Structure formats: C-alpha cells, structure tokens
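Notes to accompany the following structure.
Bear in mind that the values in this text are calculations on the coordinates, not laboratory data. Please read these numbers as outputs of a predicted model, since none were measured by experiment. Cβ: placed from backbone, ideal geometry, glycine included. Neighbour counts: every protein chain shown.
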Amino acid sequence: MHIPNDRFYVDTHEWVLVEGDIVLIGITDFAQEQLGDLVYVGDFSEANHVKAGDAVCIVESVKAASDIYAPVDGEVIEHNEKVTNNPELIQSEPYEAWLFKMRPERMADVEALLTAKAYQALI
C-alpha cells in the first residue's frame, strides 16, 4: 500500500496536504479499502470554523458510513464538488481526490500530525 511522504496523517485515516497557507484533506488508501465501494460523499458541516476532531462530512459505502474529521482547528473554505458528484474518484485516486480545504489556525498543529512512516506503523 502506497503512503505518500509529502503529507501528514491522522489516526482517523485522513491525509493532510499543505499548499501554502491552506491544507487539503482526504481519506487514505487504507480507509477507502476498508470502506469498500463508495456511493456518497456529502453532509458537509455548515460551520465555517471547526475544531480538530469535528465531523466535517460523511463518506458512505455499501458497507458503512464514516465521518470525516477536521485534522486541526481552522476554517473550512471549500468542498470538492467533483468528489461529491463522483465518489468513485476516492477509490481510483485516493491521494488526489481531496474532500475539503481548510485554512488552519496554526500550521504548527498540522506539522504535529503523523508522518507517513508513523501512519504506516499505525495501520
């Protein structure tokens, strides 16, 4: 299983990619494999400001529904409509198909998340 080194990870199986002062959040290849065939991405939180651990959206598969959590405190600035309209993208491109973008309150909180090596040890 491929785990890119260019991002950070959360023990709830989200990945976090830094792009300047914003971050993109998606779910890991491991998570999408565990879920099975994805059929729905949505129910995005109406809150613009979220705390680490707050549910931001839901991903549903034929097996289960799973909350996707904010990895850090910050402002949710965009949802990926492409993935909402085509959940299968997460399975074909788990590390390109981001779910939402955030502007973190503190970038140091992002840098304190799991590295690829630490996430690999977790799973």
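May I ask you to list the lysines whose Cα is less than 22 Å away from that of residue 101, ignoring any residue fewer than eight positions away on the same chain?
By straight Cα distance, residue 101 reaches 51, 82.
Given a Förster distance of 25 Å, report the FRET efficiency between residue 82 and residue 43 from their Cβ-Cβ distance, rounded to the nearest 0.05.
Numbers: r = 17 Å, r/R0 = 0.68.
So the FRET efficiency works out to roughly 0.90.
List the relative contact order of the stretch 15-81 as a percent without decimals, with contacts defined as Cα pairs under 8 Å and 6+ residues apart.
Reported relative contact order: 27 percent.
For the charge dipole of the chain, defined by +1 on Lys and Arg C-beta atoms and -1 on Asp and Glu C-beta atoms about the Cα centroid, which residue among 44, 92, 118 has the Cα displaced farthest towards the positive pole?
Of the candidates, 118 comes out farthest on the positive side.
About its Cα centre, what dipole magnitude does the stretch 8-122 give when the only charges are +1 on Lys and Arg Cβ and -1 on Asp and Glu Cβ, stated in debye to the nearest 20?
In total the dipole reaches around 180 debye.
Test of understanding: what is the full-extension gain from residue 120 to residue 105, defined as 0.36 nm times their sequence separation minus their Cα-Cα distance?
2.7 nm
Which of the aspartates and glutamates could be linked to residue 117 by a straight reach, that is with a Cα gap under 16 Å, when you skip same-chain ones fewer than 8 residues away?
6, 11, 14, 29
What are the trypsin sites (Lys or Arg not before Pro) within the stretch 45-123 that DSSP puts in a loop, where the Cβ has at most 15 other Cβ atoms within 10 Å?
Hits after loop and neighbour filter: 51, 63, 106.
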